[in-house]
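First up is the structure itself, then whatever we jot down about it.
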Amino acid sequence: MTQSRLKPTLIGVSFIVVVKLWFNIQRSMDERDRKNIPRYTGVVVRPMMLRQDSIDQLFSKVDGSHIVLTKYLKETLNDPDSYEHVTTEYKDLGKVLVVVTTYRAKNASGEKVLSSITVKSDLKGNIKVVTE
């Protein structure tokens with residue numbers, strides 16, 4: 001073959017090889033990604049759904065209170081048995097949740113008072129910062 005005919009053939013073969021390699025890499029990445037996503041009843045679970053599920057586990061299914069915060073409050077109150085959960089709200093800030101809980105409990109003089117507490121919690125439920 002002459003050099004003028006050989007050059008287009010090499011370019012064509014090189015192009016085909018590069019395209020095949022690219023497709024193989026894409027296919028292997030897709031398979032790896034699919035293996036890392038858990039499946040429930042045939043439905044692909046998106047990472048956002050997993051995040052919301054993990055956040056939901058931090059709160060009581062009965063009254064919606066933050067489980068670790070309730071334990072913290074009962075440890076610090078004058079009369080832990082007087083604790084009554086009223087409401088809990090949270091805001092997701094990415095790495096932390098800001099949790100605001102309103103509750104009733106007896107104060108030092110024995111009167112039931114309405115109070116609230118705001119905390120920053122990590123996504124495992126651990127309280128990082130308390131602001132009352």
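The values are calculated or read from the model by the stated rules, or taken from the named source; none is laboratory data. Here the structure is a predicted model, which means the values were calculated and not measured. Reconstructed Cβ throughout: ideal geometry from the backbone, glycine too, with neighbour counts over all protein chains shown.
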Pair list, Cβ < 7 Å and 6+ apart or interchain, from segment 56-81 residues that are farther than 17 Å from Gly125 by Cα to residues that are assigned to a helix (DSSP H, G or I) and not aliphatic (A, V, I, L, M): Pro80/Lys74
Qualifying residues in segment 97-125 (those that are of a type outside the set (A, V, I, L, M) and surrounded by fewer than 11 Cβ atoms within 10 Å (Cβ to Cβ)) - the one farthest from Ser82 (Cα to Cα): Lys124
Residue, modelled with the highest pLDDT, within segment 77-99, restricted to residues that are more than 12 Å from His66 (Cβ to Cβ) and among the polar types (S, T, N, Q): Ser82
